[in-house]
1. Residues of segment B:224-268 being polar (S, T, N, Q), surrounded by 19 or more Cβ atoms within 10 Å (Cβ to Cβ) and free of Cβ contacts under 8 Å to residues at least 60 places away in the same chain, which ones?
2. What residue, of A:Ala40, A:Ala13, A:Ala70, is surrounded by 15 or more Cβ atoms within 10 Å (Cβ to Cβ), assigned to a helix (DSSP H, G or I) and in contact with a helix residue (DSSP H, G or I) (Cβ under 7 Å, 6 or more places away or on another chain)?
3. Take the conditions buried (at least 19 other Cβ atoms within 10 Å of the Cβ), assigned by TED's automatic domain parsing to the domain that holds B:Leu96 and among the aromatic types (Phe, Trp, Tyr) and apply them to B:Tyr150. Does it pass?
4. Going by what's in this entry, would A:Gly368 be described as touching a helix residue (DSSP H, G or I) at 6+ places or on another chain (Cβ under 9 Å), surrounded by fewer than 20 Cβ atoms within 10 Å (Cβ to Cβ) and farther than 23 Å from A:Tyr157 by Cα?
5. Which of (1) touching a strand residue (DSSP E or B) at 6+ places or on another chain (Cβ under 9 Å); (2) farther than 25 Å from B:Arg316 by Cβ does B:Gly275 not meet, given it meets every other one?
6. As an exercise: evaluate A:Ser447 against (1) in contact (Cβ under 8 Å) with a residue 60 or more places away in the chain; (2) buried (at least 18 other Cβ atoms within 10 Å of the Cβ); (3) more than 19 Å from A:Tyr173 (Cα to Cα) and give the number of the one condition it does not meet.
7. Report yes if B:Phe201 is away from chain A (no Cβ under 14 Å) and either closer than 26 Å to B:Pro480 by Cα or among the β-branched types (Val, Ile, Thr) (or both), otherwise no.
8. Quick one: would you say B:Ala126 is farther than 30 Å from B:Arg278 by Cα, modelled with pLDDT of 95 or more and assigned to a helix (DSSP H, G or I)?
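The values are calculated or read from the model by the stated rules, or taken from the named source; none is laboratory data. Remember, it's a predicted structure, so these values are computed and weren't measured experimentally. With ideal geometry, Cβ positions are generated from the backbone for all residues, glycine too; neighbour counts draw on all protein chains shown.
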Number of protein chains: 2
Amino acid sequence: MNAAYDRLKARFARIGALNEAAGILHWDASAMMPPGGGHARGEQLAALAGVSHELLTAPQVAEDLAAATADGEWDGANLALMRRAHARATALPVALVEASSRANSACEMVWREAKADADFGKVRKALTEVVALQREIAQALGAALGMDPYDALMDGYQPGVTAADVEPVFAAYESWLAEALPRAEAIQAQRPAPLPLEGRFPVAAQRALCREMAERVGLQFSHARLDESLHPFCGGNPSDVRITTFYDEHNPAKALLGVLHETGHAMYERHLPAGFARQPVGEAAGMAAHESQSLIVEMQACRSDAFLGFLAGRLRQEFGLSTRIACRENLARLWRRVGRGFIRVDADEITYPAHVILRFRLERAMIGGTLAVADLPQAWNEGLRALLGIVPPDDAQGCLQDIHWHDGAFGYFPSYTLGAMAAAQLMAAIRGDMPELDAQLAKGDLSAMMRWLNLRVHGQGARLGFQDLLRAATGRPLDPGDFTAHLTRRYLDG
Amino acid sequence: MNAAYDRLKARFARIGALNEAAGILHWDASAMMPPGGGHARGEQLAALAGVSHELLTAPQVAEDLAAATADGEWDGANLALMRRAHARATALPVALVEASSRANSACEMVWREAKADADFGKVRKALTEVVALQREIAQALGAALGMDPYDALMDGYQPGVTAADVEPVFAAYESWLAEALPRAEAIQAQRPAPLPLEGRFPVAAQRALCREMAERVGLQFSHARLDESLHPFCGGNPSDVRITTFYDEHNPAKALLGVLHETGHAMYERHLPAGFARQPVGEAAGMAAHESQSLIVEMQACRSDAFLGFLAGRLRQEFGLSTRIACRENLARLWRRVGRGFIRVDADEITYPAHVILRFRLERAMIGGTLAVADLPQAWNEGLRALLGIVPPDDAQGCLQDIHWHDGAFGYFPSYTLGAMAAAQLMAAIRGDMPELDAQLAKGDLSAMMRWLNLRVHGQGARLGFQDLLRAATGRPLDPGDFTAHLTRRYLDG
């Protein structure tokens, strides 16, 4: 450790604090802000982003990075992450960043209209511009980081995972799915149809139950909030995490399962290493790692038979539902229903990766220059047919459904499925260490499981890359076998 | 207008946006933040303040200010305010600012304990340190701005008003009060005692009525929020103002009158000149000007006989109160009750200035070096006896009651009474222009009155100083005669 490293730590602490400020302002814009505040909020966030970027790219940073030394695993990793952040921030000419930002905003606006009208032609030109600029960005980042261009985009969301890592994993899943999905459907068809949760579920009672569930997972509301927004998310900062949900008076499942998902994210943030707060190594290890934590809570723990049995009891108590409807078996049929659909965000656990695989291949081809934006609708439809055997009736239910590309986010989609796979792998390790897990889940008790994750995942911050994090926690790098084994147990051992 | 001025405008726009961000974070800390978020919030606000200060004091600013020219009243005033902001920001050595900030924080903490224990001895040392540093600050600012040291502190809250302006106004009020207060008390004693608003007033119903009242004043909730906090305030920014209140289920008056007060502040912010948003000239004209807008709504308009009659009807409708209790006459007796008390924030309209006069004289003497902190309790008690004829039973009800000095705020207190006087003067001008005002207020309609203020006060931003603002709006600089005439009509023409 030397003076240059200390200066860098002070500078990154300041950048981290400004980013935290922006995080609260983003949360506020979604959960609190009156509509008329939007323009000023844009100015506030732009000023914060501009100042952050200037602090990160100031000439002094390059000098300090050249001179800095850091001792030990944590500070060594912190310094390496500082170098990476600086390399990414300085790789792009300001004019390219601004052109891309403008193109993204313009495309996003046109996309809303194109989606509403199911008319890809309306967004084609704007998306072509977005993709052209993303290709420039990918090439510039790739050159600066010594990576393939598409990998350089992925690296912005989940450092340390490349397309070459993902490709065989996804290919294997595609093969598995081709055989497994029809079997899962056949098994499901032989079982009774699920009975819907009928009735009115007052928002106040849903909110109280959601808070209780978040607390059962381990969230302390002395350091957290639960509010409402159109699109649920987890924001804020580690000592002040803010999750949101959306209540439907006719269906409590959306809010309940959504809150459990966001609580998984929130627990990661809450238990990041406080000694490195607002330092790069004190952040989460990436989007796939983050998604693993939301999914291990929502999908692995809380949709398990054991927890569903507990939750059924709570639903009976709170809403007076019958045992026929609010029982483990019916909740499992309702909330673990398999089906081939067009919409990614509505997909079940088995088919969700197919939606991701489709997008991974298409976006990689667009960034690689082998797929023109004009050919996207056809490629989408052919890809979905190959993966799931269905073709969307229009582009609104096809290549227009997600905001991501139209907002300039390329390289993000794989994180969803890497996260699902990592969640299964971590859960397998937890079950190995804790044979009593199901007995705990049946009592609504996730405390021991969360302590395991606090220690082996959350508390590691960004010290380890995605693969090393999994290796340290489970003894192996990403092994999708645990995910298919989990799906087999849940959907095929019927 | 030249390139140097354009660069300054861009820089101040950025500073303004960062200050807006800080404003939302301050609001959030009071109205939303879970307690555990406090430490990180401190880091976020410190980073924002640090970056703002660096942007304002960068060498380029002095160069640009030396070269800048601006045409027209608005840009000319904007440039002058930029010079003032730069002069204030560069007048103080960083070490002094930091020492003062630390001393203020330390003193504020000790003060809470000292106040709870009514033990001035506990805070004497810390407050002595605060005052010593404030004296240094006042001297440095005074030297940079060419002002008397105490005036330089006042200038930080209400530019353009000096102690020499205030002194004769306050002396005249003291004389008027000595004669008027006993008369007002005698008149009040001959009237029936007020009947309290008894019963339970559910928070939801109070909130709805408070929102309605804010809307009647003219606040649009597409650009505003109303929330709860321990200490009510108005925050946010002009396109997104955020007022808070505190509901007492046993007394709706606090929230109602408090919301009307904060709405007056909010209307000022909402109608600042949008073309100069985030520029110095686009801000309010100072704290006294701001207080004039809260008080013209709360005290002048909404405690008028005409509006109280309207409000009485709404209270009967919403809470089923009897005509005996919820009538104009009884509300006037309840909410315009005169009395000699120890506590400033509980004081009535007539005695409130006495509390301010006391503080003005004492703080001026402390900054001038003619009153030692150790002698403050005695000077306080003697001063209050001279002004109101009462002596507090202990220092908790005396010199320990306000946070201001213990947090390093010297020069702020006069703004309260300057605001009250300006409110009366503006209201006299409005009544002169609008003979139909009482008929409108009797229907709960403040729209014409607010349009008058939008045009002549709010929309002027900080283009004019406090005195020139009053001159342009009313034809005269501050004339306390309108305030005493108002008090005479309300309390002495019985």
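1. We begin by selecting, within segment B:224-268, every residue polar (S, T, N, Q); these are B:229, B:237, B:239, B:244-245, B:251, B:263.
Next, only the ones that are surrounded by 19 or more Cβ atoms within 10 Å (Cβ to Cβ) stay: B:237, B:239, B:244-245, B:263.
B:Ser239, B:Thr245, B:Thr263 - these are the residues of segment B:224-268 that are polar (S, T, N, Q), surrounded by 19 or more Cβ atoms within 10 Å (Cβ to Cβ) and free of Cβ contacts under 8 Å to residues at least 60 places away in the same chain.
2. On the way: A:Ala13 fails: in contact with a helix residue (DSSP H, G or I) (Cβ under 7 Å, 6 or more places away or on another chain); A:Ala70 fails: assigned to a helix (DSSP H, G or I).
Just a single option satisfies the conditions, and that option is A:Ala40.
3. Details: buried (at least 19 other Cβ atoms within 10 Å of the Cβ): yes; assigned by TED's automatic domain parsing to the domain that holds B:Leu96: yes; among the aromatic types (Phe, Trp, Tyr): yes.
It is true that B:Tyr150 is buried (at least 19 other Cβ atoms within 10 Å of the Cβ), assigned by TED's automatic domain parsing to the domain that holds B:Leu96 and among the aromatic types (Phe, Trp, Tyr).
4. Working: touching a helix residue (DSSP H, G or I) at 6+ places or on another chain (Cβ under 9 Å): yes; surrounded by fewer than 20 Cβ atoms within 10 Å (Cβ to Cβ): yes; farther than 23 Å from A:Tyr157 by Cα: no.
It is false that A:Gly368 is touching a helix residue (DSSP H, G or I) at 6+ places or on another chain (Cβ under 9 Å), surrounded by fewer than 20 Cβ atoms within 10 Å (Cβ to Cβ) and farther than 23 Å from A:Tyr157 by Cα.
5. In the conditions (1) touching a strand residue (DSSP E or B) at 6+ places or on another chain (Cβ under 9 Å); (2) farther than 25 Å from B:Arg316 by Cβ, B:Gly275 misses (1) alone.
6. A:Ser447 satisfies all of (1) in contact (Cβ under 8 Å) with a residue 60 or more places away in the chain; (2) buried (at least 18 other Cβ atoms within 10 Å of the Cβ); (3) more than 19 Å from A:Tyr173 (Cα to Cα) except (2).
7. On the way: away from chain A (no Cβ under 14 Å): yes; either closer than 26 Å to B:Pro480 by Cα or among the β-branched types (Val, Ile, Thr) (or both): no.
No; evaluated as a whole, the condition is false for this residue.
8. yes
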